[in-house]
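Take a look at the structure below.
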Amino acid sequence: MAKITNNGNSKYLDKIPKVKFTKLFINGEFVDSISGAVFVVTSGRTFETIDPRTEEVTANIAEGDREDVDLAVKAAREAFDHGPWPRMSGSVSI
């Protein structure tokens, strides 16, 4: 692991953000990755996110693949075709 020298600028090293969301956001919910499972069950497959300053793992993020993308696209298509958003005026605030 690399040693960090900050030349007196510790304010930048003290502000390591906490990762709040590590799952995939599909159909309005945070879910684990399917990652090739035959049935729709979660495998929990993840990848590490590394802080380049310290080389420490800051979070394990859900790793999506083809099946996860297909679910997300299906949910987005359903929301677009049957939800209120595409029929809202462009001036409506979210």
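The values are calculated or read from the model by the stated rules, or taken from the named source; none is laboratory data. The structure displayed is predicted, hence computed values, not measured ones. Areas reflect the complete protein model, heavy atoms only, side chains present, ligands, DNA and RNA absent. Shrake-Rupley method; radii C 1.70, N 1.55, O 1.52, S 1.80 Å.
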Exercise. Which of the aspartates and glutamates could a cross-linker span from K74 if the Cα-Cα distance has to be under 16 Å and same-chain partners fewer than 8 positions apart are dropped?
Worked result: E29, D65
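Would you kindly state how much longer the chain becomes between R87 and V69 on full extension, computed as 0.36 nm times their sequence separation minus their alpha carbon distance, in nm to one decimal? Walk me through the intermediate numbers first.
Working: separation 18, 0.36 × 18 = 6.48 nm, distance 2.49 nm.
Using 0.36 nm per residue and subtracting the Cα-Cα distance, I get 4.0 nm.
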Problem set entry | K74 - accessible surface, heavy atoms, 1.4 Å probe, Å² rounded to 10 | 150
